[in-house]
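Following: one structure in structure tokens, then a few remarks.
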Amino acid sequence: MDYAPLPFEPHRCRFEGRDDGSTLITPGYRLPDLWPSIPRLFIDRAERFPDRPLVARRELLPDGGRGEWRRLSFGDALQQVRGLAQALIDRGIGPDASVMVLSGGSPEHLVVNLAAQMARAPYTPVSVNYSLAGGDFARLRHCFAICRPRLIYADDWRIFLPAMRALNERGDLILVTDEAAPDGETLALGDLISAVPTDAVDASLAAITPDTHAKTIFTSGSTGKPKGVIQTQRILTGIVAQHQAMYAHEEEESAAKAFLSWVPWSHVGGNNTLPADIFNEAACFYIDDGRPLPGQFAESIRNLREICLTEYNSTPIFFSELVTAMEADDGLRDHFFRDLRFLSYGSAGLSEDVFRRLQALAVAATGRRIPIITKYGTTETQGTTIVGWPLETTGPIGLPFAGNVVKLAPAGGRLEIRVKGLTVTPGYLSDRNATAAAFDDEGFYRTGDAARFVDPERPELGLVFDGRVTENFKLSSGTWVHVGALRMALLDALDPLLQDVVIAGEGRGEVRALGWMRLTDARKLVGDDLDAAALAGHPAIAAHVAARLAHHNAAAGGQSRRVAALRLLIAPPAGDEIADKGYVNQREVQRQRVADVEALYRGEAIAAG
């Protein structure tokens with residue numbers, strides 16, 4: 001069956017094998033000239049399309065729900081950004097004084113982001129979870145110590161004032177919220193925005209160079225404390241150029257495009273990659289306050305019913321929830337696919353089950369399959385590879401974006417992905433040792449992830465993700481367990497039951513696993529509307545798991561690929577167990593759920609049949 005056309009240029013790469021066993025992959029796209037800076041690109045679009053909406057978010061209602069959309073146009077945003085940039089400059093906030101943001105996406109947050117860049121003050125968005133955790137705010141303090149901000153912004157003082165107070169122990173920070181807090185503890189953002197721009201703003205704009213430190217974005221901390229990754233203007237404008245080089249654009253867009261995303265702004269996907277397309281295409285960024293979590297997904301569904309999209313990118317855990325919702329609602333399905341040109345997923349592998357169900361829904365809605373693609377990247381490299389053709393199965397991660405060279409370097413019997421080029425960070429803020437260790441002797445960034453060719457005889461077919469090296473472990477026999485590949489194989493073997501799994505067994509004699517059910521699909525298996533605890537103990541679920549594990553093990557091969565038992569978890573992943581983007585931190589889950597791991601190895605689990 002035919003696909004809807006994918007608006008990409010044909011992928012071209014050169015492959016160079018080396019005597020040391022490494023391979024260099026160099027893309028052949030022609031890069032357009034880079035914009036001088038993101039603020040310059042934004043100003044151009046605001047002057048050309050002043051009335052177009054730039055960013056929108058639903059109004060927060062007194063009961064905590066969300067009302068109608070509140071939109072900020074490009075023209076009004078430019079006026080606010082210039083005023084706030086002047087206010088920052090007036091207070092000495094520039095190249096040597098950063099701006100930190102504690103709250104999530106909002107029109108005001110975007111204004112702060114752009115104003116900080118315009119004033120050349122490094123801008124740092126941190127995970128909202130760090131500010132809401134309470135206690136000693138350890139991770140937030142860690143980020144604060146690295147960035148040393150002079151000004152901290154958060155949207156609601158009622159929510160974020162405890163975190164602000166914890167950081168403002170010396171009392172010398174400028175604290176800003178949308179409304180001023182009582183007793184003058186914070187300034188009102190509107191009072192700063194009302195500053196009258198002077199020539200100082202234009203002088204700051206003119207002083208921006210490709211090497212200007214634009215942002216600091218922290219890693220997730222899945223392998224240790226979060227590290228502050230320096231993002232330069234060259235990186236940000238490089239993302240725009242990469243997309244221009246690859247995406248086949250129509251001569252003139254007749255109408256403004258809409259993008260909808262729930263992805264947190266503390267990550268490069270939500271703060272760098274998506275805004276690159278927003279600014280370049282003069283599109284509107286609709287902020288989705290839903291999440292693929294119990295009690296929060298209905299908001300995302302509400303937004304998807306209303307916003308008409310031509311492309312959509314999200315995480316596997318989101319698509320896992322979305323297919324179930326669309327299978328029960330033809331109207332939602334038909335609206336979602338009506339104008340959609342392609343789907344994209346990232347941050348983790350998409351299961352074959354969800355992949356097949358998405359295609360079946362697309363065919364039911366439009367009569368043809370939808371191109372589904374994926375991108376691979378890190379906070380340090382942005383988008384590294386992209387699949388520039390419709391995927392027939394999950395697993396491939398494609399070939400490099402323009403401007404970057406990928407090296408596959410032998411490491412521990414596998415090939416590590418290393419990257420050098422346009423969108424690779426110059427290093428970690430205030431951490432020379434980590435920066436030195438992150439790059440090899442040729443200047444390639446070591447991702448710690450592995451890949452292999454789909455077909456070594458036909459490298460143009462691209463790469464397959466081969467697991468996170470940092471998550472892999474050894475059994476007591478000394479055999480390595482490749483967690484990423486086994487996780488995906490297990491999800492496929494037990495579909496549609498599992499939403500995600502954690503692979504256990506480091507230092508033990510055999511591999512076992514912890515898993516969370518997709519409750520809707522689990523209820524279909526048992527034919528009854530039971531709660532999670534009852535489902536986990538249901539004989540039909542146990543029989544399904546035992547049989548599927550046995551089937552998986554029969555074809556798995558070696559000890560490191562067989563799973564002896566699975567323990568179903570009731571409480572969903574929370575806190576540091578799950579990254580903001582939805583990726584489950586394998587090591588953190590086991591660290592926080594020691595009792596479940598011990599029970600798993602005591603036999604309080606479903607054994608393979």
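Placing pseudo-labels 7 Å out from each Cα toward the beta carbon at Thr479 and Asp330 gives an inter-label distance of 5.0 nm. Averaging 1/r over each pair of different alpha-carbon atoms in the chain and inverting the result gives 25.3 Å, the Kirkwood hydrodynamic radius. Positive end of the dipole of the range 257-406 (Cβ unit charges, origin at the Cα centre): among Phe319, Ala276, Ile397, the Cα lying farthest that way belongs to Ile397.
Arranged from fewest to most other beta-carbon atoms within 10 Å of their beta carbon, Arg48, Arg139 become Arg48, Arg139. In order along the range 292-308, the phi-based Karplus estimate (6.51 cos²θ - 1.76 cosθ + 1.60, θ = phi - 60°) of 3J(HN,Hα) comes to x, 9, x, x, 10, 6, 4, 5, 5, 4, 4, 5, 5, 5, 9, 8, 9 Hz; Gly and Pro are listed as x. Remark: spin-label model distance Asp211-Ala554 equals 6.3 nm, labels positioned 7 Å along the Cα→Cβ axis.
In the chain, helices alone account for a calculated mean residue ellipticity at 222 nm of -10000 deg cm²/dmol, with every DSSP H run of four or more residues adding -39,500 (n - 2.57). Give the residue from Ala543, Leu498, Ala565 lying farthest towards the positive end of the charge dipole for the range 472-607; charges sit on Cβ (+1 for Lys and Arg, -1 for Asp and Glu) and the dipole is referred to the Cα centre. Of Ala543, Leu498, Ala565, it is Ala565.
Taking amide H as placed 1.01 Å from N in the peptide plane, Gly388 has its amide H under 5 Å from the amide H of Leu399, each at least 5 places away in sequence or on another chain.
Summary value for the chain: 12 percent relative contact order, contacts being C-alpha pairs under 8 angstrom separated by 6+ residues. Working note: Cα gyration tensor of the range 88-241, eigenvalues times five, square-rooted, sorted largest first, giving semi-axes of 24, 21, 13 Å. In a DSSP loop and with at most 12 other Cβ atoms within 10 Å, the GluC sites (Glu not before Pro) in the range 529-609 are Glu604. In degrees between 0 and 90, to the nearest 10, how far off the longest principal axis of the chain does helix 316-327 point, with axes built from Cα atoms? Tilt of helix 316-327: around 80 degrees. What is the local net charge at Thr394, summed over the other residues whose Cβ is closer than 10 Å to its Cβ (Lys, Arg +1; Asp, Glu -1)? Combined, the nearby Lys, Arg, Asp and Glu give -3.
Summing Cβ point charges (Lys, Arg +1; Asp, Glu -1) relative to the Cα centre of the chain gives a dipole of roughly 1320 debye.
Computed from Cα atoms, the angle from the helix 107-118 axis to the main principal axis of the chain rounds to 70 degrees.
Within straight-line reach of Lys215, meaning a Cα separation under 18 Å, sit the following lysines at least 8 residues removed in sequence or on another chain: Lys227. Once the convex hull of all Cα atoms in the range 472-607 is built, its volume per residue stands at 100 Å³.
Here the Karplus relation 6.51 cos²θ - 1.76 cosθ + 1.60, evaluated at θ = phi - 60°, turns the backbone of the range 352-364 into coupling constants of 4, 4, 5, 4, 5, 5, 4, 5, 4, 5, 4, 5, 5 Hz, with x for every Gly and Pro. Distant-in-sequence amide contacts of Ala214, defined by a placed amide H-H separation under 5 Å and a gap of 5 or more residues or a different chain, comprise Gln231, Thr232, Gln233.
Distances between placed amide hydrogens fall under 5 Å for Ser344 paired with Tyr312, Asn313, Ser314, Ile373, all partners being 5 or more residues away or on another chain. A simple count of charges around Asp330, restricted to other residues whose Cβ falls under 14 Å of its Cβ and scoring Lys, Arg +1 and Asp, Glu -1, yields 0.
Taking every alpha-carbon pair under 8 Å whose residues sit at least 6 apart, the range 479-609 reaches a relative contact order of 28 percent. Applied to the range 560-571, the Karplus parametrisation 6.51 cos²θ - 1.76 cosθ + 1.60 on θ = phi - 60° returns per-residue 3J(HN,Hα) values of 6, 10, 9, 10, 6, 7, 9, 10, 7, 9, 8, 6 Hz, with x for Gly and Pro.
No value in this document is a laboratory result; all are computed from the given coordinates. Note that this is a predicted model, so its numbers are computed, not measured. Please note: Cβ atoms are built from the backbone with ideal geometry, for glycine as well, and neighbour counts cover all protein chains shown.
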